[in-house]
Amino acid sequence: MKTTDLLPFCRYYKGEEECPYSGNEAMLWLYEMDWVNETIRICKDEKKTDQSVLSSHLSEYIAVGLSDFSAGDNIPITLKALLFDRYSRDSYSTIDAIESFKIFYAKYYNNEAVM
C-alpha cells in the first residue's frame, strides 16, 4: 500500500509536506496525515506483530455504537475512529462526545452524516 492509495479517502491531506490550512481544517489535515502514515506502517508489518493505535481507536469507536455511522460516505472506519478519538479527548466521556462528534463530522466531512 502506498500513500497515493489512501489519499482519495482524505478530505484535507493531499500528500503535502506543509499544511495549507488553519484552524480546524489544519487539525483535520494533521489527523489525516497521521492516519495515512499509520495505515501504511501497519500494512508493512508483515508479521502483524504490532498492535496498532488505529486498532485501539477502532475498538473504542465500535464499542460506543458508531460502527454504522455514516457508513456510505467513502471514509474508512479507521479514519473515522481516529477522528472520534481525537474529538472525544475534550469530552467528559466518549459517550458524551457522540452526538457533538456527529455534528462536527457532518460539518467537515459529510453534510448528511447526522443521523
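The values are calculated or read from the model by the stated rules, or taken from the named source; none is laboratory data. Note that the structure is predicted; figures quoted are calculated from it, not measured. Neighbour counts are summed over all protein chains in view; Cβ atoms, including those assigned to glycine, are modelled from backbone coordinates with ideal geometry.
One table, with the values for the structure above:
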| item | result |
| --- | --- |
| Residues that are at pLDDT below 85 and either loosely packed, with under 10 Cβ neighbours inside 10 Å or among the aromatic types (Phe, Trp, Tyr) (or both), drawn from the range 41-75 | Lys44, Glu46, Lys47, Lys48, Thr49, Gln51 |
| Top-ranked residue of the range 93-115 - restricted to ones that are hydroxyl-bearing (Ser, Thr, Tyr) and surrounded by 11 or more Cβ atoms within 10 Å (Cβ to Cβ), ranked as farthest from Leu28 (Cα to Cα) | Thr94 |
| One residue from Leu82, Leu7 being buried (at least 19 other Cβ atoms within 10 Å of the Cβ) and either modelled with pLDDT of 90 or more or not in a helix (DSSP H, G or I) (or both) | Leu82 |
| Search result, residues across the range 13-31 that are more than 17 Å from Arg89 (Cα to Cα) and assigned to a helix (DSSP H, G or I) | Gly23, Glu25, Ala26, Trp29 |
| Selection status of Asp90, within 18 Å of Ala26 (Cα to Cα), out of contact with any Ser or Thr (no Cβ under 6 Å at 6 or more places or on another chain) and outside any helix (DSSP H, G or I) | yes |
| For Met1: the one exception among (1) loosely packed, with under 15 Cβ neighbours inside 10 Å; (2) closer than 20 Å to Lys102 by Cα; (3) among the aliphatic types (A, V, I, L, M) | (2) |
